[in-house]
Ligand SMILES: C[S@@+](CC[C@H](N)C(=O)[O-])C[C@H]1O[C@@H](n2cnc3c(N)ncnc32)[C@H](O)[C@@H]1O
């Protein structure tokens with residue numbers, strides 16, 4: 001297939017996805033034989049794919065122009081690659097999954113975006129020169145990089161991946177991270193990246209034992225609170241990082257709130273939060289009091305993090 005021959009492979013194909021790889025292969029066939037509309041009808045809700053192009057709206061906080069070169073690390077199905085490619089010179093989308101890169105290549109082609117390059121590569125072994133990028137994106141990646149044989153300790157792997165990003169950035173370049181808050185209230189009802197409930201709240205050693213007991217797999221998908229991320233970034237050499245809260249979540253940045261702007265957070269919770277789940281009711285109630293909003297901020301779902309080299 002033409003799209004496969006033009007994807008450079010620098011790492012062993014390792015699949016990650018909401019549906020099995022064989023199902024994504026089927027989806028690729030449907031795109032080829034029946035077109036994108038047929039694909040969307042069948043798969044849109046089942047994949048981390050979207051036709052919405054506002055998923056990278058955080059980009060307005062980064063000085064980008066038509067000459068900027070961007071690395072979308074762990075690019076997946078291109079939620080971020082596509083909207084970024086509209087406004088920069090070039091986006092290199094890298095991921096360990098060949099099937100996902102084949103999808104992204106097709107998607108970029110269908111939109112006439114010739115400035116997207118797809119490569120199969122592991123962030124721990126990047127086939128790029130140092131100081132090549134104006135922006136590196138880790139949207140939904142940092143929490144997964146601990147799932148590697150290269151490091152025993154998932155946190156060590158996370159720091160190493162950030163150090164690599166720092167080397168790849170041009171001087172003055174930006175690292176963007178979209179990621180969950182370890183203590184997000186929503187983890188009280190949902191599941192953690194581990195596939196289990198409550199593991200992000202547990203001390204790491206306990207989460208690890210629990211995970212080994214329940215699913216025979218070590219706990220390696222660490223998330224943190226704001227202080228944890230700051231420490232991680234500092235260890236990787238990013239002295240200053242700018243944190244924003246994203247509503248409703250980092251994968252859907254409708255409102256991006258500077259971490260210290262309690263009034264904007266209060267307004268967002270009071271006037272924009274829909275739905276009637278127990279968690280939302282708690283949040284809306286908290287929104288009446290500035291003190292409670294200040295407290296609730298610690299349990300907010302996710303962060304947009306900007307760090308400059
Ligand atoms: C949660 S998805 C995020 C996809 C995309 N960034 C987005 O926001 O839609 C994580 C992606 O990271 C990729 N990935 C995981 N570990 C990786 C690694 N070490 N190097 C490169 N990509 C990796 C997975 O294959 C997957 O596509």
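Set side by side, the residues 116, 137, 87 differ, and just one is more than 19 Å from residue 161 (Cβ to Cβ) and out of contact with any helix residue (DSSP H, G or I) (no Cβ under 6 Å at 6 or more places or on another chain), which is 87.
Residue check: residue 83 meets all listed conditions (1) without any contact (Cβ under 8 Å) to a residue 60 or more places away in the chain; (2) part of a helix (DSSP H, G or I); (3) more than 10 Å from the ligand (Cβ to nearest atom); (4) touching a strand residue (DSSP E or B) at 6+ places or on another chain (Cβ under 6 Å) but one, namely (4). In the stretch 13-26, the residue that is farthest from the ligand (Cβ to nearest atom) out of those that are in a helix (DSSP H, G or I) and either in contact (Cβ under 8 Å) with a residue 40 or more places away in the chain or in contact with a helix residue (DSSP H, G or I) (Cβ under 6 Å, 6 or more places away or on another chain) (or both) is 25. Only residues that are touching a strand residue (DSSP E or B) at 6+ places or on another chain (Cβ under 8 Å) and within 12 Å of the ligand (Cβ to nearest atom) were counted in the stretch 57-80, giving 10.
So that you can scan it fast, the table gives a plain yes or no per residue for (1) modelled with pLDDT of 95 or more; (2) under 17 Å from residue 56 (Cβ atoms); (3) buried (at least 22 other Cβ atoms within 10 Å of the Cβ):
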position: 94; (1), (2), (3): yes, yes, yes
position: 97; (1), (2), (3): yes, no, yes
position: 101; (1), (2), (3): yes, no, yes
position: 111; (1), (2), (3): yes, yes, no
position: 124; (1), (2), (3): yes, no, no
position: 129; (1), (2), (3): yes, no, no
position: 132; (1), (2), (3): yes, no, no
position: 135; (1), (2), (3): yes, yes, yes
position: 139; (1), (2), (3): yes, yes, yes
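No other residue among 35, 78 is at positive phi and within 23 Å of the chain's Cα centre (by Cα) apart from 78. Does the stretch 27-39 contain any residue that is surrounded by fewer than 16 Cβ atoms within 10 Å (Cβ to Cβ), modelled with pLDDT under 95 and within 16 Å of the ligand (Cβ to nearest atom)? Checked the stretch 27-39: no residue is surrounded by fewer than 16 Cβ atoms within 10 Å (Cβ to Cβ), modelled with pLDDT under 95 and within 16 Å of the ligand (Cβ to nearest atom). Of the residues in the stretch 225-237, none is at pLDDT below 95, farther than 19 Å from residue 296 by Cα and either away from the ligand (no atom under 16 Å from the Cβ) or in a strand (DSSP E or B) (or both). In the stretch 251-305, counting only helices (runs of 4 or more DSSP H) that sit wholly within it, the ones holding 1 or more residues that are in contact (Cβ under 8 Å) with a residue 24 or more places away in the chain and either in contact with a strand residue (DSSP E or B) (Cβ under 9 Å, 6 or more places away or on another chain) or under 28 Å from residue 80 (Cα atoms) (or both) span 262-272.
The values are calculated or read from the model by the stated rules, or taken from the named source; none is laboratory data. Treat the numbers as computed from the prediction; the structure is a model and nothing was measured. Please note: Cβ atoms are built from the backbone with ideal geometry, for glycine as well, and neighbour counts cover all protein chains shown.
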